[in-house]
1. List the lysines whose alpha-carbon lies under 18 Å from that of B:LYS180, not counting same-chain residues fewer than 8 positions away?
2. If you add up the charges near B:THR36, with Lys and Arg at +1 and Asp and Glu at -1, over every other residue whose beta carbon is less than 10 angstrom from its beta carbon, what do you get?
3. Measuring label to label, 7 Å along Cα→Cβ, what does A:VAL72 give against each other copy in nm, shortest first?
4. Just to be sure I understand the model, the point goes 7 Å from the Cα along the line to the Cβ. What's the resulting A:VAL99 to B:ASP197 distance in nm?
5. Going by Cα centres, the range A:20-77 and the range B:89-107 are how many Å apart?
6. Amide H to amide H, which residues 5 or more places from B:ASP66 or on other chains are under 5 Å from it, using H placed in the peptide plane?
7. For peptide B:63-70, how many partner chain Cβ atoms fall within 10 Å of a residue's Cβ, on average?
8. Amide H neighbours of B:THR75 under 5 Å, at least 5 residues apart or on other chains, H built in the peptide plane: list them.
Protein chains: 2
Amino acid sequence: MTASTVDTSSLSPAQARARFRLGVISPTTGWCTGATQANLVAVPADWAYDVLLFCLRNPKPCPVLDVTDRGVPRTVLATGADLRTDLPRYRVWRDGELVDEPTAVIELWRDDLVALLIGCSFTFETALLAAGVPLRHIATHRNVAMYRTNRACRPAGQLHGPLVVSMRPTPDHLLDTAVKVTARTPAAHGAPVHVGDPAALGIPDLAHPDFGDPIEVCPGETPVFWACGVTPQAVLMASRPPFAITHAPGHMLITDAADRDYQIE
Amino acid sequence: MTASTVDTSSLSPAQARARFRLGVISPTTGWCTGATQANLVAVPADWAYDVLLFCLRNPKPCPVLDVTDRGVPRTVLATGADLRTDLPRYRVWRDGELVDEPTAVIELWRDDLVALLIGCSFTFETALLAAGVPLRHIATHRNVAMYRTNRACRPAGQLHGPLVVSMRPTPDHLLDTAVKVTARTPAAHGAPVHVGDPAALGIPDLAHPDFGDPIEVCPGETPVFWACGVTPQAVLMASRPPFAITHAPGHMLITDAADRDYQIE
């Protein structure tokens, strides 16, 4: 089953979730224009305190939009949604190792799981495009380029790991706009963590991202780095909880919330 | 020992904390201009998950600026500060009842305490005054008026309670400015939760606040209501953890952070 014959940008979030529940598999980029998409991280309750603390201490990479009650796969951000079926694809982690990428996790769900929904760069990309800032990875239908940095996140209990950033080449005359527009979405990573020389973040070569696709930086452009929602997955890999479920990269939860609700005017 | 002979507005945060450590007792309003002040809530570790979750689910009344490691009375927001001595006055709670208001809590501190530092309206009041919005409670040297509302916070585990709001009478031609300016401080309660008729929040009479002082609303002004940092104390009283330490109202932690660091331009 594919979504290729549908204009996915005009679906409602509930319609999109129903399709994923029925088995549609697709990255969610471009789906449900204006609806806020979220990263999913679910861990056993005995790890949940450290995960919450980690997010509170590292709000730029890990802006928390909602936390579920223990064992309950429901969120206030998506009426009627079942977090075990309504994302197009999941990742299952055991002891920090990726072990499966299923399209539903009903059998894997546990009564002690707590799920965090974390803000996603799609929210600020909507705002950037609206402000006239071009995004080459979208124009060229690629994934954004992401890099591990030499900046450690603030650890929390058993959780530790590097800050991961995404990079968007930005025309020099729009740098100020890009900083200001994204500063107004603190629930979606906020202002850049760095503008300019990648070496300042310990990134040796922009042509070799750690995640996603390489994106060319052209003359008259400057690389701009934002805290990235992949950070929690990198931290899970580094910290090795016995069990975790996340979304598969690019296969997000589409919530009923609007991107504009997270935009400070 | 009093602070009456000192210009407290020009002290550095470290100087102010050193005075409180030596025994100076004073509300912190007007101290250390531009430095961010914070509410303190410390609870035993077995309540900390619920408190963190409560704050994440109720970010407008409970914007978390920092969370300490278990048992460690130190924060990244105030170099060298000891959270047990460096606030001018504390409140001690047992089973939800206020039992003492000491000026230090060294003997009461426990190895299992976790402290949360929560954003404070002083941060957005600085911004309001800078934008030309007058604040009558400051001009008349009174405490802001605070009210319990009929809006329940989202509960979290054992924690539940009403949203508490603060009210500032605002000239009608500055309502738009007041909303916009405070929307830019999401770490200090953000935009108002309500503008206008207090009955919409279940407040029967503005002349009888639940906390603080009554503040007159004059002709040509509208009452504006913001989520209030007293909410966590009201929730502790309602939820009755066996032990908690908070700051005494108005006697905040003065951090090294700058109000402008929490202001989105």
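1. Once the sequence-local lysines are set aside, what remains near B:LYS180 is A:LYS180, B:LYS60.
2. Value of the local net charge: -2.
3. Values, ascending and in nm: 3.3.
4. 5.7
5. 37
6. Those lying under 5 Å, H to H, from B:ASP66 are B:LEU117.
7. 3
8. Residues meeting the criterion, in which the H sits 1.01 Å from N, are B:ALA81.
The values are calculated or read from the model by the stated rules, or taken from the named source; none is laboratory data. Every value quoted in this text rests on a predicted model; they were computed, and no experiment measured them. Please note: Cβ atoms are built from the backbone with ideal geometry, for glycine as well, and neighbour counts cover all protein chains shown. Keep in mind that these areas ignore ligands, DNA and RNA; they rest on the heavy atoms of the full protein, side chains included. Shrake-Rupley method; radii C 1.70, N 1.55, O 1.52, S 1.80 Å.
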